[in-house]
Structure formats: structure tokens, C-alpha cells
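Since the structure comes first, as C-alpha cells, the remarks are kept for the end.
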């Protein structure tokens, strides 16, 4: 049978857990709300050749591969996200980004709206890879 002091300790422990969880939730929601602000819409069209240059200059290739095929970061091409989603992802990055993972946010100071449209145009211009059945090395 438990004593009053044991029950009191247990209630205090649960109370502290509940308060900590509430504080953590409030902190995370505040961060999500600040990231959820819509970025300025980027132009819908761009120059694929200029986008290829931006992709290499800014360093997108280091995580996404030289033609957006993926690597440490996800595949971006062919068939990139729609422009609005692409712009949102590039401008806001991923929550909890660090050098160990995730995507950093790229502001207009790093990538202009024109650069962003050019990047997406480049990714949309990348041809789809051949199907595995058409690759001899994969079909001995």
C-alpha cells in the first residue's frame, strides 16, 4: 500500500511532465507559426540554363546530386515540386536543420526570386532516367 508521500511524489512528477510537455508543444508551435508565413510568390517560369548554373554555384548539388537525382538530400528531378511548394521548401528549409541533416533555409539574400524560378526550370528540364530494363548492367 502506498503512503501519502509516495502518492504526492507521483502527482508532482506527473505535474512536471505535463508542464514540460506543454512548454515544449508551445515552443514547437511558435516555431511552426513563424515558419508558416508564406514567402513572396516566385515567378512561375525561369531559364533552365541559368538554373543549372545557380544549382552548382549555390551548392545544391552537394546534397541533391549534380542533376537533382538525390544523394544525402532527396531527389528533386525530374518532376520537381510545384513552384509554390518548391519556393516554400527552399525559403523555409526543414525544421531542426543542422549540419547533421535537413535542409537550410535560403533567403532572398542568397537566392533571388528569379534564381528560384530558374532553379525550378532547371530541375523540370532534367530528363527522366531510363527504365531499369533498358540498362544493360542491371540486366545480365
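Every number in this text was worked out from the coordinates using simple rules, so none of it is lab data. Remember, predicted model here, so these are calculated numbers, not experimental data. Counting neighbours? That spans all protein chains shown, and the Cβs are built from the backbone with ideal geometry, glycine included.
Miscellaneous remarks
- Residues 76, 111 arranged by fewest to most Cβ contacts within 10 Å: 111, 76
- Applying 1/(1 + (r/R0)^6) with r as the Cβ-Cβ distance of residue 138 and residue 69 and R0 = 25 angstrom yields a FRET efficiency of 0.95.
- Euclidean distance of C-alpha centroids, segment 91-115 and segment 120-140, integer Å: 28
- Peptides 127-135, 114-122, 81-89 ordered by packing proxy, namely the average of other Cβ atoms within 10 Å per residue, highest first: 114-122, 81-89, 127-135.
- Förster-model FRET efficiency, 25 Å R0, residue 57 and residue 105, C-beta, rounded to 0.05: 0.90
- Fully extended contour minus Cα-Cα distance, from residue 49 to residue 13, at 0.36 nm per residue: 6.9 nm
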